[in-house]
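Remarks on the structure that follows.
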Number of protein chains: 2
Amino acid sequence: MHQIFDAALEINLLHANQEGADHNREHFDRWGITCLNVMSSPGAGKTALLERTLAALRRELKIAVIEGDMTTELDAERLRQYQVPVIAINTGRSCHLDSKMVSGGIHRFAQDYDPAEFDLVLVENVGNLVCPAEFEVGEHAKVALLSVTEGEDKPLKYPVMFQEADCLLITKIDLAPYLEVDFNQIMANVRQMNPHVTIIPVSTKTGEGLEAWFEWVRSQTNKLRLAAPVSTVH
Amino acid sequence: MHQIFDAALEINLLHANQEGADHNREHFDRWGITCLNVMSSPGAGKTALLERTLAALRRELKIAVIEGDMTTELDAERLRQYQVPVIAINTGRSCHLDSKMVSGGIHRFAQDYDPAEFDLVLVENVGNLVCPAEFEVGEHAKVALLSVTEGEDKPLKYPVMFQEADCLLITKIDLAPYLEVDFNQIMANVRQMNPHVTIIPVSTKTGEGLEAWFEWVRSQTNKLRLAAPVSTVH
């Protein structure tokens, strides 16, 4: 969030975004879709994680992706190779997706597909450990990635992301032997910010930990399916 | 930069920041100080680079640090061990330093020290590959870091930072053997965004490339010293 020298405007901005996010979530609920908002620093491995996730789960779950990038469709093109709908949103100079952008993506998606046939929408946010955590897009749960290469102190220095996360993936654990990094300290710092977050260490290179991540994703979709359907959506 | 749904306000925000940055730079010029704004994703190694820089150069250059972090003084405390003045600025929820925050830091610095005795102010910005590049703080040059662990595509996906950088350090090159990363492609993508940027590959772990970085820092301070002094500052 920028300091925009006007507290009232700042509150309006977040309030308008939240209303839009709630509206997007109502759409997802009506369609029986679980939406996960995937966030991290640039280069922590969001797209690699989604590649592995699509490869593993696309036959048991009907999945679509909303792919946020400032410019380019590089990540969207990587994910389209898995034969799932990928809606690319270029944020331009904006450092995060917001609910209005995602609403636009949802409407494009609903023009080309029947959303009621889908189980899961994965939103890949812009690489940024600060702002995406403050702007909901309509997700049911927030997934944050922290690479072991980023160091132990990041949960303390960028607290909002770690406080908001429902699931925290510690990525690139295959690199840990080559780093002077204290894995237990990373875990302790995450827990200090968020005692109840689900922590899953993974490597998309070796596959370690991915089955636990897939199982967490399944549990999220089941959760929504087992809940009562929402009948009144405007 | 957030989309703040009001183009005029956005322009005013950037304009006010730029005026403040120009004013800060006038102060630095009057004092004969070169100011470098050091920026990157979280965990690319800004603080480790500054530690090595202070250790190597603090005897030949009089250095102060302005240390931006959302919360905590963890990085400031690491750098204070090098017996240089470190002014800590907590940005709270803001995802970057701005010229007003740095102005506050400069005034705290000037209360405790005689700035005219200093040669170099290193500003460590909040870890964020997007917004810091748009908000000048009064620097004479922008230094961006990109870790090899972040992948080849980042210059294309986060263009503003790479277009704005005067010096681009490719960090953690000691990890390259353990990554499936194409170093030449990183270089090509940086050059595509910014044909004239100085690129210096470094490892703060092995020391590789650091002498070239120190030499670049020296060249920046010499540049300012050899320029005519500015006489009219308000």
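The values are calculated or read from the model by the stated rules, or taken from the named source; none is laboratory data. Since this is a predicted model, take the numbers as computed values, not measurements. Cβ atoms come from the backbone with ideal geometry, glycine included; neighbour counts cover every protein chain shown.
Inside the stretch A:19-137, counting only helices (runs of 4 or more DSSP H) that do not spill past its ends, which hold 3 or more residues that are in contact (Cβ under 8 Å) with a residue 12 or more places away in the chain, surrounded by fewer than 21 Cβ atoms within 10 Å (Cβ to Cβ) and within 14 Å of another protein chain (Cβ to nearest Cβ)?
Result: A:99-112.
If you go through the stretch A:161-177 one residue at a time, do you hit one that is under 19 Å from residue A:86 (Cα atoms) and more than 14 Å from chain B (Cβ to nearest Cβ)?
The answer is no; no qualifying residue exists.
Being under 16 Å from the mean Cα position of the chain (by Cα) and farther than 28 Å from residue A:133 by Cα is the requirement here; does residue B:57 meet it?
no
Could you list, in sequence order, all residues of the stretch B:145-155 that are of a type in the set (Asp, Glu) and either crowded, with 21+ Cβ neighbours inside 10 Å or more than 9 Å from chain A (Cβ to nearest Cβ) (or both)?
First, the residues of the stretch B:145-155 that are of a type in the set (Asp, Glu): B:150, B:152-153.
Result: B:150, B:152.
Please determine whether any residue of the stretch A:150-161 is outside any strand (DSSP E or B) and farther than 16 Å from residue B:72 by Cβ.
Filtering the stretch A:150-161 for residues outside any strand (DSSP E or B) gives A:150-161.
Then keep just the ones that are farther than 16 Å from residue B:72 by Cβ; that gives none.
Scanning the stretch A:150-161 turns up no residue that is outside any strand (DSSP E or B) and farther than 16 Å from residue B:72 by Cβ.
Based on what the data block shows, is residue A:158 under 22 Å from residue B:126 (Cβ atoms) and either within 10 Å of chain B (Cβ to nearest Cβ) or surrounded by fewer than 24 Cβ atoms within 10 Å (Cβ to Cβ) (or both)?
On the way: under 22 Å from residue B:126 (Cβ atoms): yes; either within 10 Å of chain B (Cβ to nearest Cβ) or surrounded by fewer than 24 Cβ atoms within 10 Å (Cβ to Cβ) (or both): yes.
Spelling it out, residue A:158 is indeed under 22 Å from residue B:126 (Cβ atoms) and either within 10 Å of chain B (Cβ to nearest Cβ) or surrounded by fewer than 24 Cβ atoms within 10 Å (Cβ to Cβ) (or both).
Look at residue B:199 and say whether it is surrounded by 19 or more Cβ atoms within 10 Å (Cβ to Cβ) and closer than 26 Å to residue B:56 by Cβ. I'd like the intermediate steps shown before the answer.
Working: surrounded by 19 or more Cβ atoms within 10 Å (Cβ to Cβ): no; closer than 26 Å to residue B:56 by Cβ: yes.
Considered against the rule, which asks whether it is surrounded by 19 or more Cβ atoms within 10 Å (Cβ to Cβ) and closer than 26 Å to residue B:56 by Cβ, residue B:199 comes out as no.
Is it true that some residue in the stretch A:210-231 is more than 10 Å from chain B (Cβ to nearest Cβ), closer than 30 Å to residue B:73 by Cα and surrounded by fewer than 17 Cβ atoms within 10 Å (Cβ to Cβ)?
No, there is no match, as no residue in the stretch A:210-231 is more than 10 Å from chain B (Cβ to nearest Cβ), closer than 30 Å to residue B:73 by Cα and surrounded by fewer than 17 Cβ atoms within 10 Å (Cβ to Cβ).
Suppose we filter the stretch A:1-15 for residues that are surrounded by fewer than 21 Cβ atoms within 10 Å (Cβ to Cβ) and either in a loop (DSSP other than H, G, I, E, B) or modelled with pLDDT of 95 or more (or both); how many remain?
Within the stretch A:1-15, residues that are surrounded by fewer than 21 Cβ atoms within 10 Å (Cβ to Cβ) and either in a loop (DSSP other than H, G, I, E, B) or modelled with pLDDT of 95 or more (or both) number 4.
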